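Read the figures in this text as sums done on the coordinates, not as results from a lab. Source: prediction; values computed, not measured. Every residue, glycine among them, receives a Cβ derived from its backbone with ideal geometry; neighbour counts consider all protein chains shown.
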Amino acid sequence: MTAINKPVRHKRRDVVFPVVNTIILCILMFVTLYPVLNTVAYSFNEGMDALKGGLGIWPRVFSIKAYDELLKDTAVYKAFLISLSKTVITTVLNLFFTSMLAYALSRKEYVLRTFITTLMVLTMYVNAGLIPNYLLISRTLGLKNTFWVYIIPTMFSCFNMIVIRTYIVGLPEALVESARIDGAGDLRTFFQIILPLCLPVMATVALFVAVGAWNSWFDTYLYNGSKKDLYTLQYLLKMKLATTQNSSNAANTSAEALASSAKVAPITVRCAISVVSAVPILIVYPFLQKYFVTGMALGSVKG
């Protein structure tokens, strides 16, 4: 009797676990996606109706007035190009310099690698603060009101260097030894042997750097706030959101303001701004997803 019951119990467990697991994952997926879908619904909803609240994942009164209000300004397109060029250049240069240094510090024959790595790690925990950093970049380096203030301070990341170095250390040492036997130098070994093998971790780091560069607006506020030609998209959208909110608060009792809010409201503009700023990253991510997942999995196994 006991021998018969054991297979039945195991069979029930095999059925119950996938069902419970699927239900939990569906709940987590809904909890994760709902704020995104709700934001999109508000951005495509009419202003006066959106002020009533209670929207779900679908607009009650469809309207693209918020996007018209946002995208009619030609400065948005110029700021988009600034943000795009900033993101691309920052990502490429950061990967280039960070990966080269990571390869150098991964070589056991380099006697100063422990000292330099320790020194760099200390900068992750100890820094001078915002004011000395501002004085260094704006006065000493003279990068204020220039496009290079977005690029030069972000060409290297200690955290990314550690991630890439850990990945390189896990590669077979025989690859480097065979390349040296064939007469390859350090640069050729790095670019032709190591770099192609580091594609998964490079894609992971590239996604981190690109998202950070794209979403950054505080650097524009600090160094290029008086230079409208160098506004990034995130900073410009933040300024437009503040302007929209202030205009609504200043004249929310006038008939003209009420008439305009029937089509657009601060909440719809805010949601439209969130959607516009997130779309480029959402477009890029599917192309890097395969390498991103692989890089994270390999990094977790290698420690």
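Here are a few things to note about the model shown:
- Once the C-beta distance of residue 242 and residue 97 is scaled by a Förster radius of 35 Å, the resulting FRET efficiency is 0.45 to the nearest 0.05.
- Förster radius 45 Å - calculated FRET efficiency between residue 37 and residue 188, Cβ distance, rounded to 0.05: 0.35
- Relative to the current alpha-carbon distance between residue 287 and residue 22, full extension at 0.36 nm per residue lengthens the span by 92.7 nm.
- Taking the fewest neighbouring Cβ atoms within 10 Å as the starting point, the ordered list for 109, 173, 69, 46 is 109, 173, 69, 46.
- Candidate aspartates and glutamates for bridging to residue 228, where Cα separation is under 17 Å - those fewer than 8 sequence places away on the same chain excluded: 73, 219
- Extent along principal axes [Cα atoms of region 64-303; Å; largest to smallest]: 81, 41, 27
- Computed label-point distance, nm, for sites residue 74 and residue 226 using a 7 Å Cα→Cβ extension: 2.6 nm
- The distance from the alpha carbon centre of region 47-97 to that of region 99-121 is 41 Å, rounded to a whole number.
- Theoretical gain in end-to-end length, residue 135 to residue 108 [0.36 nm per residue, Cα-Cα removed]: 5.9 nm
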